[in-house]
Amino acid sequence: MDVVNPATEEVIAQVPSAAVSDLDAAVAAARAALDGPWGKLSARERGRLVRRLGERLLDRVDEVARLETLHNGKPISESRHIEVPAAAECFEYYGGWSDKVMGETIPVKGNYLTYTLREPVGVVAAIVPWNFPLLLASWKVAPALACGNTVIIKPASQTPLTALALGDIAIDAGLPPGVLNVLTGPGAELGQAIVEHPGIDKIAFTGDTSTGKGIMRGAAGTLKRITLELGGKSPNIVLADADIEAAIRGATIGIFYGKGEVCAAGSRLLVDRSIQSEFIDKLAARTRKMTAGDPMDPKTRFGALSSRKQLETVLGYIDSGKREGATLVAGGARTDIGTGKGYFVQPTVFTDVRPEMKIAREEIFGPVLASIEFSDLDEAIARANDSQYGLAAGVWTRDIKKAHYVARKLQAGTVWINTYNVYDTAAPFGGYKQSGFGREMSAHALEHYTQVKSVWVDLNI
Ligand code: NAD
């Protein structure tokens with residue numbers, strides 16, 4: 001399969017399209033490692049190897065960041081200083097958990113010793129999208145390995161290079177053969193075969209909500225465990241008493257970070273009517289100053305969309321916003337960086353958006369902000385929750401009571417108060433409603449990569 005640099009439209013690499021026989025081989029290798037060298041390691045030794053994987057990744061941060069930018073189009077500053085270090089930190093964090101995943105003794109009735117073991121689930125498949133290819137793989141691989149599972153990664157077709165690099169780094173770090181496998185290939189065939197494979201015990205998936213529904217159906221045949229991190233249409237609410245300058249910065253970071261190809265992007269801006277016009281004027285002025293640049297330039301803050309398909313999707317939504325009568329106040333067109341090539345689109349802001357418009361309801365997954373007015377707190381909350389999704393939300397206010405009131409009312413897996421798009425490996429992340437289920441990162445993720453066994457011992461003499 002060709003891998004295309006979205007900033008130049010050039011083919012930069014070719015990767016194999018794995019056949020079902022390759023999948024069978026990967027499953028056999030993963031299973032053999034589980035029953036062999038990997039399963040025999042002590043928890044502490046396993047944790048050390050997981051941490052070493054993170055250290056080796058950091059040793060190669062420049063090379064891996066370059067690959068991430070080349071196949072995804074995101075600015076090199078984001079790959080180099082945010083994504084790759086965050087992925088390395090994820091291995092450091094979960095490596096520390098390995099020898100702290102414990103069972104319990106239970107005071108049952110009768111004369112028994114009853115205790116639990118927390119055992120690995122087995123062979124885990126990580127199916128990963130193209131927006132944060134390395135980080136979203138790491139969120140799955142690190143806890144899976146830490147808990148003693150073996151893993152098969154299937155990266156998105158557009159962005160396979162950093163998963164392959166991670167496989168190479170795993171060899172470097174001394175992981176036994178078969179513990180971490182990488183298979184490149186198209187979702188519809190290889191992904192589907194993974195979902196249905198009887199030798200795979202769990203699917204950890206991040207991607208589109210409709211693909212997630214298909215995975216749930218496909219996994220039913222073998223009753224695989226699944227966790228799904230799906231789409232979003234996250235509301236970012238600005239109350240009248242907010243620190244306006246901070247809220248404007250937060251609204252732009254919320255939607256334009258990662259070119260808006262961020263599942264938690266604050267793509268619906270809800271602004272109190274009394275400050276709306278001033279807020280939007282300032283936001284639009286700030287947005288117009290953000291220009292796309294060469295993703296490989298360290299000064300660039302806004303890169304290329306990940307693929308031609310994504311460019312077409314985003315431009316289609318911009319057209320739909322115009323057709324449905326929203327007011328365009330910034331951006332709204334394809335752009336380029338002087339080369340005449342690349343899938344660049346201007347950071348775009350629409351105002352006068354009504355909640356029933358497509359740009360207010362559907363996940364665009366691009367740098368397009370839809371601004372909607374509200375007149376009181378309850379209306380803001382109702383509008384925020386009026387979505388099939390529930391991944392994240394933000395609220396901007398100086399009133400501490402209102403902030404916590406709104407946080408409790410919002411149907412979302414993450415709520416940011418006076419900030420947006422901050423993450424830490426120690427904090428759980430995942431969806432409410434059709435944004436999926438299960439939590440990644442934090443101690444909560446460990447539950448998805450272990451299963452509990454009760455052991456009863458008769459103590460009657
Ligand atoms: P996608 O669903 O098209 O693809 C995701 C992965 O699934 C890819 O590896 C793809 O090859 C594979 N796949 C495709 N069809 C498959 C099938 N039938 N069976 C098995 N695997 C299959 O999603 P995408 O377009 O790559 O990613 C964008 C989506 O991901 C957005 O909707 C975004 O919101 C979501 N996302 C969610 C989170 C989160 O944490 N909730 C994070 C990032 C992205």
Inset, instruction - Only residues that are among the aromatic types (Phe, Trp, Tyr), within 25 Å of Val84 (Cβ to Cβ) and within 12 Å of the ligand (Cβ to nearest atom): list them for the stretch 413-459, please. - result: Tyr423, Phe429
Inset, instruction - Considering only the stretch 123-146, state which residues are farther than 13 Å from Glu68 by Cβ, part of a helix (DSSP H, G or I) and in contact with a helix residue (DSSP H, G or I) (Cβ under 8 Å, 6 or more places away or on another chain). - result: Trp139, Val141, Ala142, Pro143, Leu145, Ala146
Legend entry - Residue selected from the stretch 312-344 under the condition in contact (Cβ under 8 Å) with a residue 60 or more places away in the chain and of a type outside the set (Gly, Ala, Ser), by the criterion least open to solvent (accessible area, probe 1.4 Å): Phe344
Inset, instruction - Go through the stretch 26-83 and tell me which helices (runs of 4 or more DSSP H), entirely inside it, have 2 or more residues that are more than 22 Å from the chain's Cα centre (by Cα) and of a type in the set (D, E, K, R). - result: 43-59
Inset, instruction - Consider only pairs whose beta carbons are under 8 Å apart and that are at least six residues apart or on different chains; among these, list those whose first residue lies in the stretch 350-377 and is within 26 Å of Pro129 (Cβ to Cβ) and free of Cβ contacts under 8 Å to residues at least 40 places away in the same chain and whose second residue is among the hydroxyl-bearing types (Ser, Thr, Tyr) and open to solvent by 10 Å² or more (accessible area, probe 1.4 Å). - result: Phe350/Thr327
Inset, instruction - Kindly establish whether Gly214 is near the ligand (Cβ under 9 Å from one of its atoms), assigned to a helix (DSSP H, G or I) and of a type outside the set (Phe, Trp, Tyr). - result: yes
Inset, instruction - Looking at (1) within 8 Å of the ligand (Cβ to nearest atom); (2) open to solvent by 10 Å² or more (accessible area, probe 1.4 Å); (3) over 30 Å from Gly293 (Cα atoms), find the lone condition where Ile226 falls short. - result: (1)
Inset, instruction - Would you confirm whether any residue within the stretch 237-244 is open to solvent by less than 10 Å² (accessible area, probe 1.4 Å) and within 14 Å of the ligand (Cβ to nearest atom)? - result: no
Legend entry - Single residue of Leu145, Leu136 found to be buried (at least 24 other Cβ atoms within 10 Å of the Cβ) and closer than 18 Å to Cys263 by Cβ: Leu136
Legend entry - Residues within the stretch 163-193 that are part of a helix (DSSP H, G or I), away from the ligand (no atom under 15 Å from the Cβ) and under 19 Å from Ser17 (Cα atoms), tallied: 3
Legend entry - Only listed residue being within 27 Å of the chain's Cα centre (by Cα), among the small types (Gly, Ala, Ser) and more than 16 Å from the ligand (Cβ to nearest atom), chosen from Ser375, Ser320: Ser320
Legend entry - Subset of the stretch 195-211 [part of a strand (DSSP E or B) and either of a type in the set (Ser, Thr, Tyr) or near the ligand (Cβ under 7 Å from one of its atoms) (or both)]: Phe205, Thr206
Legend entry - Selection within the stretch 433-454 - closer than 14 Å to Glu229 by Cβ, of a type in the set (Ser, Thr, Tyr) and surrounded by fewer than 20 Cβ atoms within 10 Å (Cβ to Cβ): Ser442
Inset, instruction - May I ask you to verify whether Gln158 is open to solvent by 20 Å² or more (accessible area, probe 1.4 Å), in contact with a strand residue (DSSP E or B) (Cβ under 9 Å, 6 or more places away or on another chain) and of a type outside the set (A, V, I, L, M, F, W, C)? - result: yes
Legend entry - Candidates Val15, Val27 - the one that is β-branched (Val, Ile, Thr), under 29 Å from Arg308 (Cα atoms) and either out of contact with any helix residue (DSSP H, G or I) (no Cβ under 9 Å at 6 or more places or on another chain) or modelled with pLDDT of 95 or more (or both): Val15
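The values are calculated or read from the model by the stated rules, or taken from the named source; none is laboratory data. Small disclaimer: the values here were computed from a predicted structure and weren't measured. Backbone-built Cβ (ideal geometry, glycine too); neighbour counts: all protein chains shown. Protein only, heavy atoms only, side chains kept; ligands, DNA and RNA dropped before computing areas. Shrake-Rupley method; radii C 1.70, N 1.55, O 1.52, S 1.80 Å.
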